[in-house]
Amino acid sequence: MKKYSIMKSVNMHPKKGKRNISEMTQIPKRHGYCTLGEAFNRLDFSSAIQDIRRFTYVVKLLQLIAKSQLTSLSGVAQKNYFNILDKIVQKVLCDHQNPRLIKNLLQDLSSTLCTLIRGVGKSVLVGNINIWICRLETVLNWQQQLQNLQMTKQVNDGLTLSDLPLHTLSNILHRFSDGWDVVTLGQVTPTLYVLSEDRQLWKKLCQYHFAEKQFCRHLILSEKGHVEWKLMYFTLQKHYPTKEQYGDTLQFCRHCSILFWKDSGHPCTAADPDSCFTPVSPQHFIDLFKF
């Protein structure tokens, strides 16, 4: 079981005891006994990417680090970061799953690296500038490999999507929480395209991810006065964050001050362990290690 204690890294109040996760993310100063790089190792992110339930969570975390925390990583943590990223890219090239997620991550990472290299001297970089240039070249090479990725057609004499009844195909589409996944599946067959254009499907996606007041600010109507829900979804996505969904997430135990994967659990000694567990989003995870 992989778990990581952050007991020493959180300022504790002598009377109030342990803080909840929202309080921890607001602590301006903390003892420096743990780092983001150490957490990478203790929580075994390198193995977590092999678990489909944790894959998206780790990718999102790496993307957030690429956007704002890359220069705060120690030399060892940087090495771990790019090693994990290399394994992710090789996994996608091998199994052809989730290429769009990784392309987005690499795009953010390449933009950050270009900015850092061009502005060398304006910020403190851990490591020689040539190392950062080499990393950028590696990222650009990964992007090219993913761009050239060809989805192999599988030969299967069994049941295919085209053989499924319409209501089953519709149910499949309604289970997606990402609009881009709906669009992608809609490109498979003409029937799926028609189902993927269903207004009620896009209306539910909008209602799931966004608030009503956000609809009012970006209301898009057709010539006939109908709400263009699909266009609304992608417009709102540009202005507001969508809800995050992960098969397995990190949890924080307030009783033991331990981070652990939800599906792995941990032997909490509290009388009611479940009441002590709080889910930790990728952004909250990073906030825990900000000084």
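The values are calculated or read from the model by the stated rules, or taken from the named source; none is laboratory data. Only a predicted model underlies this, so the values are computations on that prediction, with no experimental measurement involved. Neighbour counts run over all protein chains shown; Cβ positions are idealised from the backbone, glycine included. When the accessible area is computed, the model is the full protein with side chains, heavy atoms only, and any ligands, DNA or RNA have been set aside. Shrake-Rupley method; radii C 1.70, N 1.55, O 1.52, S 1.80 Å.
Against the definition (part of a loop (DSSP other than H, G, I, E, B) and either touching a Phe, Trp or Tyr at 6+ places or on another chain (Cβ under 7 Å) or in contact (Cβ under 8 Å) with a residue 60 or more places away in the chain (or both)), how does Gln251 come out, yes or no? Considered against the rule, which asks whether it is part of a loop (DSSP other than H, G, I, E, B) and either touching a Phe, Trp or Tyr at 6+ places or on another chain (Cβ under 7 Å) or in contact (Cβ under 8 Å) with a residue 60 or more places away in the chain (or both), Gln251 comes out as no.
Taking the listed residues Gln154, Gln147, the one that is within 23 Å of the chain's Cα centre (by Cα) and either open to solvent by 90 Å² or more (accessible area, probe 1.4 Å) or modelled with pLDDT of 90 or more (or both) is Gln147, with no other qualifying.
The number of residues in region 157-174 being modelled with pLDDT of 85 or more and open to solvent by 100 Å² or more (accessible area, probe 1.4 Å) comes to 2.
Only residues that are touching a helix residue (DSSP H, G or I) at 6+ places or on another chain (Cβ under 6 Å), open to solvent by 40 Å² or more (accessible area, probe 1.4 Å) and outside any loop (DSSP other than H, G, I, E, B) were counted in region 175-194, giving 1. The residues listed here are Val76, Val89; of these, the one that is buried (at least 16 other Cβ atoms within 10 Å of the Cβ) and not aromatic (Phe, Trp, Tyr) is Val89. Could you tell me whether Leu250 is modelled with pLDDT of 90 or more, buried (at least 19 other Cβ atoms within 10 Å of the Cβ) and closer than 26 Å to Ile52 by Cα? So Leu250 fits the description; yes. Scanning region 277-291 for residues being more than 15 Å from the chain's Cα centre (by Cα) and either assigned to a strand (DSSP E or B) or modelled with pLDDT of 90 or more (or both) gives a total of 2. Need at least 3 residues that are closer than 19 Å to Thr112 by Cα per element, so show me which helices (runs of 4 or more DSSP H) inside region 36-81 make the cut, counting only ones lying wholly within it. Because the criterion is at least 3 residues that are closer than 19 Å to Thr112 by Cα, the helices (runs of 4 or more DSSP H) in region 36-81 that meet it are 52-64.
Filter region 205-225 down to residues that are loosely packed, with under 14 Cβ neighbours inside 10 Å and not in a loop (DSSP other than H, G, I, E, B), then give me how many there are. First the steps, then the outcome.
Residues of region 205-225 that are loosely packed, with under 14 Cβ neighbours inside 10 Å, as a first pass: 207-208, 211-213, 216-217, 219, 221-225.
Remaining after also requiring not in a loop (DSSP other than H, G, I, E, B): 207-208, 212-213, 216-217, 221.
Result for region 205-225: 7.
For the residues Trp229, Trp261, the requirement of being over 30 Å from Ile65 (Cα atoms) and touching a residue at least 24 places away in the same chain (Cβ under 8 Å) singles out Trp229. In region 228-244, the qualifying residues are those that are of a type outside the set (Asp, Glu), surrounded by 13 or more Cβ atoms within 10 Å (Cβ to Cβ) and at pLDDT below 90, and the one that is farthest from Asp198 (Cα to Cα) is Tyr240.
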